[in-house]
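Enquirer: I am attaching a structure below and will ask some questions about it afterwards.
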Amino acid sequence: MTTTAVRPRTETPGGRLPGTWGLGLRRGALELKQFFRQRDQVVFTFAFPVVFLFLFASIFRDDVQDAGITASQLYVPAMMAAGIMSTSFQSLGISIAIERDEKVLRRLRGTPMPPAAYFLGKIWLVLVTGVLETAILLAVGTTLYDVDLPSDTGRWFDFGWIFLLGLTACALLGIAISSVPKSGRSASSVVVLPFLVLQFISGVYIAIDTIPDWMLNIGALFPLKWMCQGLRGVFLPESAQVLEQTGSWEFGRIALVLGAWCVGGLLLCLLTFRWKNRRDG
Amino acid sequence: MTTHAKDLAVDVRGLRKRYGDVTAVDGIDLGIRQGEVFGLLGPNGAGKSTTVEILQGNRSRDAGEVSVLGADPAHGTRAWRSRVGIVWQDESAPAELTVDETVRHFARYYPRPRDPEEVIGLVGLEAKAGSRIKALSGGQRRRLDVALGVIGGPDLLLLDEPTTGFDPAARRQFWDLIRKLSDEGTTILLTTHYLEEAEALADRLAVVTLGQVVAEGEPAALRERYGTGATVEWSEPDGTPRAERTDTPTRTIAELTLRFDGEIPALRVSRPTLEDVYLRLTGQEDAR
């Protein structure tokens, strides 16, 4: 046997592989940098729910019968819930489909980056943009439409977990739906339609007491209806509970449904996530 | 020379892959030694890319044994991935980031990366380090792709048609880069349908057509083995160009020397080029 002159470098002891959490943070920073550098995208992402809040809350402003609130006040928590879903479900559903189509994902898969770091990066992106979106809507709601910030810490706590569970559930569903469109180009239509339908049957655009029960029951299968309901519970007076289907805020049930969607969404992602396009085999 | 399997960076036996009714890879055997530059040469659709994707661990195979750096790519671990550099055929890098940011970020994925600044210099993008990727030309993006392929300091670099779309000057620069990496001891597998590229870079090459290896060896040896004979060309006194294919060119020239009694007008003797050999091997001879 002949020995070759070049000593294979494979025999040098390898360094330690970088940790997943640290890489997740770095990916998050990178995702945010990319997001905020696309000025038009930033403006439209944040402006969309604000414009809708302004339109709906300015058109429908009458007092709601027996509830002690105005229609404008109803739209503030509703648009906050929709805003959370748009920064998580819609933005991830579309952006991941495009990244898959443009083979960004395949390239990452060819590196020793742990897949979990990619998802952690997306979670950081969604968390930061979701907090910003919610803060903007809350600022508009409190200054223009007479919504009061909660005065007791219990309500702030409720706000916190509804935000986190809702955002997580919607983000996971967004990752899952990103595998549905066949190409990046069709992604926005595939993602926006179900989101739009859910906004109609979950009490975002139309008050829940006017939506037919059967529609509301379908909406109740998904997180958005419960996020709207929970945020109404946080930001509206107790007197407004009469408008709810069961006449109460049902915080316990909200936690249960959103928690279940977090677990279910995670399973769905693990089962369906693909690094390559279908035609790439 | 016999080569023991453990000296092979890539060891492929009986590789097969079908897409529906189409057999893309039909029983390929490959043995790539540590430290060599190996060229996989063949026309479009010969099965080169499929083979490389299987070696990358990005495509499943139907049959055959594959060992890349001692492991089966179908079950590549993170540690294994950190030793294999990939330059894809069609690339996409994050458009909104700068060259510098991207290379630095990818360096974070690896346990012992190369110095990002050095790698940017290696691919000749120093002047563009601060530019957004969306502002780069096609050739510059390709060089960035190579930078991302080597940033981890790979033991094996897999390049799938790396110079497609390059202008001749960029191609020369790229060749220099590959030679530099090879001198550093990196094992390199590149696919190409450019013959002069395979001849310029590869220590050994395999010609693939219809999913099978039809010839394998050093470029010069291939030319000798498959390119027999020579062509003698000259002009008659009235200016008519003549050409004669012969296995004994020296004798032909001696005869011509006698006939012309001195200088033979427009004399040219040519051996078959690697291109002639390649076209013959891939059954495209008539295309000339």
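Enquirer: How big is the Rg/Rh ratio for the protein assembly as shown, C-alpha atoms only, Rh by Kirkwood, two decimals?
Expert: 1.15
Enquirer: Related question: Order these by the 10 Å Cβ neighbour count, fewest first: B:53, B:199.
Expert: B:199, B:53
Enquirer: May I pose another question? Residues with beta-carbon under 10 Å from that of residue B:66, excluding residue B:66: net charge, scoring Lys, Arg +1 and Asp, Glu -1?
Expert: -1
Enquirer: Could you put B:180, B:48 in order, starting from the residue whose Cβ has the fewest other Cβ atoms within 10 Å?
Expert: By the 10 Å Cβ count, ascending, the order reads B:180, B:48.
Enquirer: Please give every one of the lysines within straight-line cross-link reach of residue B:17, meaning a C-alpha to C-alpha distance under 21 Å, and leave out same-chain neighbours fewer than 8 residues apart.
Expert: Leaving aside lysines fewer than 8 places away in the same chain, those within reach of residue B:17 are A:276, B:48.
Enquirer: Gap in Å between the Cα centre of the range B:136-157 and the Cα centre of the range A:86-116?
Expert: One Cα centre to the other: 20 Å.
Enquirer: So how do A:228, A:262, A:269, A:170 line up by other beta-carbon neighbours within 10 Å, fewest first?
Expert: Placing the least packed residue first, the sequence is A:269, A:262, A:228, A:170.
Enquirer: Highest GNM mean-square fluctuation, chain B, Cα pairs closer than 10 Å: which of B:144, B:40, B:195?
Expert: B:195
Enquirer: Antiparallel versus total DSSP beta bridges in the protein assembly as shown: what percent is that, nearest 5?
Expert: Antiparallel bridges make up about 65 percent of those DSSP assigns within the protein assembly as shown.
Enquirer: Let me know the mean shielding of A:98-106 by other chains, meaning the per-residue number of their Cβ atoms within 10 Å of its Cβ.
Expert: Whole-number average of other-chain Cβ neighbours for A:98-106 is 3.
Only the coordinates and a few stated rules stand behind these numbers; no lab work does. The shown structure was predicted, so the numbers you read here are calculated from the model rather than taken from an experiment. FYI the Cβ positions are ideal-geometry reconstructions off the backbone, even for glycines, and counts take in every protein chain you see.
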